[in-house]
Amino acid sequence: MFSKSEKISVELLSLTYGTFVARLLKENDNAEEVNLQLHKIGSNIGNRLIDEFLSKSRKTACKDFREIADVIAKYGFKMYLGVTAEVAKWNEDDTQFSIYIENNPLSEFVMLPIHLQQTLWYSNLLCGVIKGALEKINVMVECEFKQDTLRGHDSTEIIVKLVEIVEDRYEDDEM
Amino acid sequence: MYAKSISKPKPEINLSCFSFLFSEIFQYLSKNDKEKDIEQSLIDFANPIGERVLELAMYREKTKGKRYTNIVDVLHFIRGPVWKLLFGKMAEDLQQSSEDEDVYFIKDLCPITNKYTCTRDSINCAAFIAGIIEGVLCSIDFPAKVVPHFAEDDDEFTDSTLFQIKFTKGALEYEARYSGDS
C-alpha cells in the first residue's frame, strides 16, 4: 500500500532529527522547554500529515476510539516510520491506551547524556504528531511519553488519553 | 548490538516524513536565525550531520580508518557511497570547473529537499544538502565551501541543482603534501 511513495534512508531522518534536537537544546534554557517545543512542532506536522494519511491510506471514518488506536499503531507508524507499534493497556472505559514502539527510528544512533536522562523526552515530537493529527479529525487527546529506552527503560511507551470527540454541529440556516 | 545494526542499510522510509520535519526546521531557522540568510542557516545547521554521515558511509564501505589523500577520490566517495547512503542513488554528475582548478560541481537532478518546497523565491533548500557535503569534507580534512546553485540549463528538471564545491587553500595543501609521498 505504501510502497508507491518515494523513499529516503532512515539514517538521513534520524540524523536530521538528532541535529535538530541538539540545536533546540542549545537555544533553550532547559530540557522541559525543549519537550514542549518538540510537542508543538510535532503538532504542526500532525495537522498537515493527517490529510496525506487519509488520502493515501484510504481509511474511512473510525467507529470508535479503539479503532483509531489501531489505525495509528498499525498504519500511521508503518506509513511514516516504517515500524509497527503495539496498542496495549486500555483503561476500563476505553479512553486511554498505550502505544509501544519497538526500534523507534528517530532515536537510532542516540545516547542521552546523563544530565538529560531524567528530563528530556527525545522523541516527544511523536506525541505532538499524534495529537495534531487527531485534532484535525475532531478527536481531542492528550499524549505523552511514559517510558523511553533512551532513558534506560525497558520499552518505549506513549500514553494517549481521550479528552473528547467533538461532534460536528450543523446549525439550521436561518429561516 | 549497535555494531550489528549499523552495518546493514536500514529499510527506507516515506519521503514525506522527512519533508514534514524539514519544513518545520526551515521555519524554525527562518524565525530564530534572522541575522543570516536562510540558505546559510541551512548550511550551518546541516554541517554536523555531515560528520556523522561520513562515519557511517566509511563504515558501510569498509573503508573505516582509510585516509583519503586526493580531492578527486574524496569527491567520488561523496558522489557514490555518501549519496547512496543518503538518497539511495548516486549523484548525476561530477565535474571540475573549467575556470578554477579548486572548484568542482556535483549535480543532483531532483534534490529531495526541493521535492515539496516552493522554489519560487529563488531560495534553494538544497542548501541543506550542501551543508551535509561541507560537513563531510571538513571531517575528512578537505575543508571546502559548498554553495547550491539551480542548474538553469535544465528545463525538464527544474529543481536540478549544482553543488559548487570550492576547496580551501588548506585542502589543496593537504593534498599536495600527500601526493609528494606516494
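In table form, for the structure just shown:
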quantity: Residues within region A:80-102 that are touching a Lys or Arg at 6+ places or on another chain (Cβ under 7 Å) and buried (at least 17 other Cβ atoms within 10 Å of the Cβ), tallied; calculated: 3
quantity: From the options A:PHE109, A:PHE77, residue that is within 11 Å of chain B (Cβ to nearest Cβ), closer than 24 Å to A:ASP154 by Cβ, open to solvent by 40 Å² or more (accessible area, probe 1.4 Å) and of a type in the set (Phe, Trp, Tyr); calculated: A:PHE109
quantity: Within region A:127-143, tally of residues that are surrounded by fewer than 16 Cβ atoms within 10 Å (Cβ to Cβ) and either modelled with pLDDT of 95 or more or hydroxyl-bearing (Ser, Thr, Tyr) (or both); calculated: 2
quantity: Looking only at region B:52-73, and only at residues there that are β-branched (Val, Ile, Thr) and more than 12 Å from the chain's Cα centre (by Cα), the one that is modelled with the lowest pLDDT; calculated: B:THR63
quantity: Hey, A:LYS26 in a helix (DSSP H, G or I), at pLDDT below 90 and out of contact with any Lys or Arg (no Cβ under 6 Å at 6 or more places or on another chain) or not; calculated: no
quantity: Residue selected from region B:20-49 under the condition facing chain A (nearest Cβ under 9 Å) and among the small types (Gly, Ala, Ser), by the criterion nearest to A:GLU11 (Cα to Cα); calculated: B:ALA46
quantity: Matching residues, region B:158-177, being of a type in the set (Asp, Glu), surrounded by 14 or more Cβ atoms within 10 Å (Cβ to Cβ) and within 12 Å of B:PHE142 (Cβ to Cβ); calculated: B:GLU175
quantity: Tally of residues being in contact with a Lys or Arg (Cβ under 8 Å, 6 or more places away or on another chain), facing chain A (nearest Cβ under 7 Å) and either assigned to a helix (DSSP H, G or I) or modelled with pLDDT of 90 or more (or both) across region B:8-19; calculated: 1
quantity: From A:ILE50, A:ILE45, residue being more than 21 Å from B:ALA46 (Cβ to Cβ), touching a Leu at 6+ places or on another chain (Cβ under 9 Å) and either facing chain B (nearest Cβ under 9 Å) or in contact (Cβ under 8 Å) with a residue 60 or more places away in the chain (or both); calculated: A:ILE50
quantity: Qualifying residue in region B:76-94 (condition: over 21 Å from B:ALA57 (Cβ atoms) and in contact (Cβ under 8 Å) with a residue 60 or more places away in the chain); calculated: no
quantity: Selection count where residues are among the charged types (D, E, K, R) and open to solvent by less than 10 Å² (accessible area, probe 1.4 Å), scope region A:144-175; calculated: 2
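The values are calculated or read from the model by the stated rules, or taken from the named source; none is laboratory data. Quantities reported herein were computed from a predicted structural model and do not represent experimental measurements. Cβ: placed from backbone, ideal geometry, glycine included. Neighbour counts: every protein chain shown. All accessible areas refer to the heavy atoms of the entire protein, side chains included, with ligands and DNA or RNA removed. Shrake-Rupley method; radii C 1.70, N 1.55, O 1.52, S 1.80 Å.
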